[in-house]
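Undergrad: This is the structure, below, for whatever I ask next.
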Amino acid sequence: MAAASPNRRQLAGDSYIGGGEALVPLYFLFICVLSGSVTLFLQQKHARWFPYPLLIFCQGLVWGSVVFSYELGEIGDSFKIWSEIDPFLLMAVLLPALLFGEGLRLNTYELFSQIWEVSIMAIPGVIVNAGLIGTMAYVVLPFGWEWPGCFLFGAILGAPDPVSIMPLLESSNAPKRFSLFLSSESHLGDITTFTLFKIFLTYLTEGSKTFTTGYKLIKFLGANLIGGPLLGVVMGTLVYIFIYYTVLPSRTNDSLCEIAVTLVLAYIVFLVSEHNLAGNGIIATVVASWVVSHYAMTSLSNPESMLTVWSAVEYLANTIIFFLSGVILSSNVVALQIGTDESSSLINSEIVAYAALFWLFLVVYRFLILTMFYPLLKKLSPTQFGPIEVINLTWCGLRGALTLTLAYVVLNLRIEISGENSKGVPNEDIIANLEKYFYIPNSTSNAAPGIDGVEENIVRFYALIGIITIITLSVNYLTAPLLMSLTGLNRVSESQKQIIEYVKKRVINRAVMAQAQFKIPGTDEFKDDYADISEDKLSELITSYRMYLEMQENKVSEEQQETIFDPETVDRPSNDEKLADVRRLFLNAVQGQFWEQIENGTLPKGSNAAKRLFYANAVGLENANETDLDDYTPLRLREDATTNGGNLPFVWLLKTVDRIFNRDGYKQYEKNQLEKDVYTASCYIEAHEIAQVKVAEYVGEDASIDTPEEAYVIKESRTLVKKAKMFMEEAKKISPGVVAAVQTFKVASSMLSEQEKYVTSLEDEKLVDEEFVHKNILEIRKDMRKVNGLAARKLYKEKDAEILPLETDVDLEDNQEES
């Protein structure tokens, strides 16, 4: 049995230790990253519609063909080392980066809102798809694969790949709910895929002895389906606690610490689950990313920096896996010779034809599965699922990085059976099982006899999956935007176009407003220092200014007065589509105000109020088409403040403990809950009132309420704000100290936040030295800790509705004794 490339142990043997040869693998890494960077730049500039993974895969094919055809010295050795890298090491390095980064960007509030629909396609849908593909592999392919090998083939191809799908959805302007469903399905589907992959790979390499007893099977499934998620929840929660207690959120080193901790989390949870606990590393990593995304995003000091770093990490991992896959596939096309002295390639037109056939099976089976589950999906989400969505979901089932990584794991079984593993001897147990399940000599098999036939089938296995993946990236990816346009899925409504035009006008006006500082106040003439400026030259340089001048020329005559709508008396507009678009614009403005409050310190990062506000906003956006504007009900504020907490199941137990030990735990619990509700309502009212002004400014011709849609949305918002204010009034009657304390918290937090920003700006402007900044930052941190650590009950005392000043616990106890 001839080998086409140097043994991995020979290339990285003792002679490399301590010498310059140990750096040889870096050549591949640098070439890969450099090629990816240049390709990404050109793709973003000239061909955004073309899939980046396909471009980098083709570059890997070219590089692999060159290095395996010609002697390129250390560069060639570097490529050969990487082409035989340990697959589990590759998984441990690349998969956490791919999965955690995607999970971090996932909106978990919206995911959980349609978790049942997603689960149907991601669990039973993937299992059925894997079974159908495996069955067809057994029936159609003439390579002598037994059922375990065929089902392993089906498992790897069972689910769409989230890393490949997200760029497609972003570039094709797909609807938000469609994008959320497809990305969520691919994330959950990865979990199912990897679980099936481990089951059939274990059976293929170890035989049935792993599952001979019920105990072994339960232990295997428990470690994968229970141990992995549990570890992800625990580790993700620990990281959330660390981020939550970051003291001064705007410091650079806090942001660096948060990023470093999430990087460690992604890799350590995969490693511990996969290696130490023999569980499912993918499940653990995905669940940990969801915990951080759901709980910690509002606590991060700089969410943008976190997402930027993870995008870069994900980009590097995606680049390496596709580039390496191209190199590996080309190495088998050009250089691999198994069991023969003739120069022949195992990857020929027959393999390509079978790959195209199974790509067609993937599309047909996905359509059949969606059709089978369609009545149930339609019942769970009536407005989301229709024939158009089914067609586009069928076509957008791309395969990508995870598919290639798992196929590479199977490809590297060649190392175990050829004696090129770490022990330097063939693994007889694996050879025996592979000969039994992965090669069956019969009249229809085209494989060579014995172990050579097994090795050929392993190569064919990888080649089929690699070519199928490339077909989905080339055919499905490139034509999916066209299909969405033809079916009207990504159609931009007339109301959306109109709102975009409104916003464009505001952008143009911004440029004109910036010009005012150079003009004499109250006139259109430039100041003396700028008297030589030509309006024509400005219009040539600035497109927006030229558009402004054209707008002024085409302006409607003053005789045509615009209509002003009164939100209090306006009727519901007839254009439901435009009304829903204005609602979404309004709710996005509300969400922006929440982030503004977090930036200003009036809404604490990671607080109960922040989580509830963002959750309610997500629910409101989701239901913008179906019902009236309502992001108030999901806040679950009690209409009657006296019933706060009365429905919780452990209230009876808490009251019983109070009676036995003569405590007032339930009373304090009620006040704590009321404090959280008051804080939430206060921030909600402020955000809505500012958003009302913004939606009036950005919808219509000017800042007045000049369209019925914006007037009606403002009317809906005022109704919700009125409810929140009624709750505040009720809370003030029941516990006036709570309301005053919350107001005190907000003002104190805002003052400290502004103070910290100013000190930081002084340092940036080089007006103060580092010692001054350090000293003042420490003082601000001390006050922040005091504000964030106090509960409302420490700021007030219920007596004649009088609010006491901030006191120590000792002072409060003394005052209580005097009372």
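The values are calculated or read from the model by the stated rules, or taken from the named source; none is laboratory data. Note that this is a predicted model, so its numbers are computed, not measured. Here Cβ is always computed from backbone atoms with ideal geometry, including for glycine, and neighbour counts include all displayed protein chains. Note: accessible area is taken over every heavy atom of the protein model, side chains too, but ligands, DNA and RNA are not part of it. Shrake-Rupley method; radii C 1.70, N 1.55, O 1.52, S 1.80 Å.
Undergrad: List, in order, the whole-Hz ³J(HN,Hα) value for each residue of region 136-152 obtained from phi through the Karplus relation with A = 6.51, B = -1.76, C = 1.60 and θ = phi - 60°; use x for Gly and Pro.
TA: 5, 4, 5, 7, 8, 6, x, 9, x, 6, 8, 3, x, x, 5, 6, 5
Undergrad: How much length is gained if the chain between Asp529 and Thr371 is pulled fully straight, taking 0.36 nm per residue apart and subtracting their Cα-Cα distance, in nm to one decimal? Write down the numbers at each step before the final one.
TA: Details: separation 158, 0.36 × 158 = 56.88 nm, distance 7.13 nm.
Answer, rounded to one decimal: 49.8 nm.
Undergrad: Once you list every other residue whose beta carbon is under 13 Å from the beta carbon of Ala691, what net charge do they have if Lys and Arg are +1 and Asp and Glu are -1? Present the calculation step by step, with values, prior to reporting the outcome.
TA: On the way: positive: Arg583, Arg584, Lys694, Arg718; negative: Glu596, Asp631, Glu686, Glu689, Glu697, Glu710, Glu716.
Net charge in that neighbourhood comes out at -3.
Undergrad: Taking the full set of protein chains and a 1.4 angstrom probe, give the accessible area of Tyr758 in square angstrom, rounded to the nearest 10.
TA: Tyr758 has an accessible surface of roughly 140 Å² with all protein chains in place.
Undergrad: While we're here: What ³J(HN,Hα) values, in whole Hz, does the Karplus curve 6.51 cos²θ - 1.76 cosθ + 1.60 give for region 125-130 when θ = phi - 60°, with x put for Gly and Pro?
TA: x, 5, 4, 5, 4, 4
Undergrad: Express the accessible area of region 249-311 per residue in Å², computed with a 1.4 Å probe while the remaining protein chains stay in the model. Don't skip to the end; give the middle numbers.
TA: Details: 2290 Å² over 63 residues.
Result: 36 Å² of accessible area for each residue.
Undergrad: While we're on this one: Residue-wise, which Karplus ³J(HN,Hα) couplings in Hz belong to region 101-106, taking 6.51 cos²θ - 1.76 cosθ + 1.60, θ = phi - 60°, and x for glycine or proline?
TA: Working through the residues one at a time gives x, 5, x, 5, 7, 6 Hz.
Undergrad: Net charge around Ala711, counting only other residues with Cβ within less than 11 Å of its Cβ (Lys, Arg = +1; Asp, Glu = -1)? Don't skip to the answer; put the middle values down first.
TA: On the way: positive: Arg572, Lys715, Arg718; negative: Asp566, Glu568, Asp571, Asp706, Glu709, Glu710, Glu716.
So the environment of Ala711 carries a net charge of -4.
Undergrad: Just to confirm my numbers, what's the Cα centroid distance between region 346-411 and region 573-590 in Å?
TA: So the separation of the two Cα centres works out to 35 Å.
Undergrad: Next question, about the same structure. Rounded to a whole number, what % of the accessible area of region 110-173 do carbon and sulfur atoms account for, probe 1.4 Å?
TA: 70
Undergrad: Report the charge-dipole magnitude of region 568-624 in Debye, nearest 20, computed about the Cα centre from +1 at each Lys and Arg Cβ and -1 at each Asp and Glu Cβ.
TA: Values: 7 positive and 8 negative charges, 59 e Å.
I would put it at about 280 debye.
Undergrad: Provide the net charge surrounding Val507, with neighbours chosen by a C-beta distance below 13 Å and charges set as Lys +1, Arg +1, Asp -1, Glu -1.
TA: Working: positive: Lys504, Lys505, Arg506, Arg510; negative: Glu501, Glu697.
Here the charged neighbours net out to +2.
Undergrad: I've got another one for you. Considering only protein heavy atoms, what is the solvent-accessible area of Arg546 at a probe of 1.4 Å, reported in Å² to the nearest 10?
TA: About 90 Å², ignoring ligands and nucleic acids.
Undergrad: Oh, and also: Would you tell me the accessible area of Leu263, worked out with a 1.4 angstrom probe on the heavy atoms of the protein chains, in Å² to the nearest 10?
TA: Looks like 50 Å² after rounding.
Undergrad: Order Val512, Val352 by their accessible area, 1.4 angstrom probe, all chains in place, largest first. Before the final figure, lay out each step's value.
TA: Values: Val512 30, Val352 70 Å².
Output order, biggest surface exposure first: Val352, Val512.
Undergrad: For region 131-246, what class follows from the C-alpha gyration tensor (a ≥ b ≥ c being the square roots of its eigenvalues): rounded when a/c is under 1.5, otherwise prolate if a/b is larger than b/c, else oblate?
TA: On the way: a/c = 3.57, a/b = 1.26, b/c = 2.84.
Oblate is the answer for region 131-246, as a/c is 1.5 or above yet b/c matches or exceeds a/b.
Undergrad: Follow-up question, since we're still on this one. Could you order peptides 114-120, 521-527, 191-197, 217-223 by the average number of other Cβ atoms within 10 Å of their residues, highest first? It would help to have the intermediate numbers written out before the result.
TA: Details: 114-120: 18.1, 521-527: 9.7, 191-197: 24.4, 217-223: 14.0.
Per-residue mean Cβ counts within 10 Å order the peptides as 191-197, 114-120, 217-223, 521-527.
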